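Asks: The structure under discussion is supplied below as structure tokens; questions concerning it will follow.
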């Protein structure tokens, strides 16, 4: 019974670690008539240089899509959507960008611009989330891991030899 409970505990911890992810904000925008449009959204990165933005829309409903990130009255980044498999897609990440450096906790304006076709209710989606860079373990971390693994092996061997005697 004890091993069963330990197995459940380990599985729960592993499942929690695997499902942890950054918060995502998704918004849709709808354009009822054909022509040029601009939609604005506020986005706030949790930490410096962690914002990831994705824009998408169906090619049958839009003839152009793009977005720009604004800091007050100045545009600091601009991305035009590319057509891929009949859909427009645009992607931006400041995780490792050398040209854009965003401040954590500061609100930025995300402006989506485009041209909608005569299709009724042209729908697009914009999602923003805080990405994270996975840290690389230091050699000391590997040494501690191996030392702990060796200690666990020594304890298991000692217990096994006591049972056999």
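Asks: Compactness ratio of segment 23-134: Cα Rg over 2.2 N^0.38 Å, N = residue count?
Replies: 1.06
Asks: Figure the gain on full extension for residue 121 and residue 34 (residue separation times 0.36 nm, minus the Cα-Cα span) and round it to one decimal in nm.
Replies: Between residue 121 and residue 34, full extension yields an extra 30.4 nm.
Asks: If each residue's Cβ is checked for other Cβ atoms within 10 Å, how do 145, 67 rank with the fewest at the top?
Replies: 145, 67
Bear in mind these aren't lab numbers, they're just calculated from the coordinates by the rules spelled out. None of these values were measured; they are calculated from a predicted model. Neighbour counts are summed over all protein chains in view; Cβ atoms, including those assigned to glycine, are modelled from backbone coordinates with ideal geometry.
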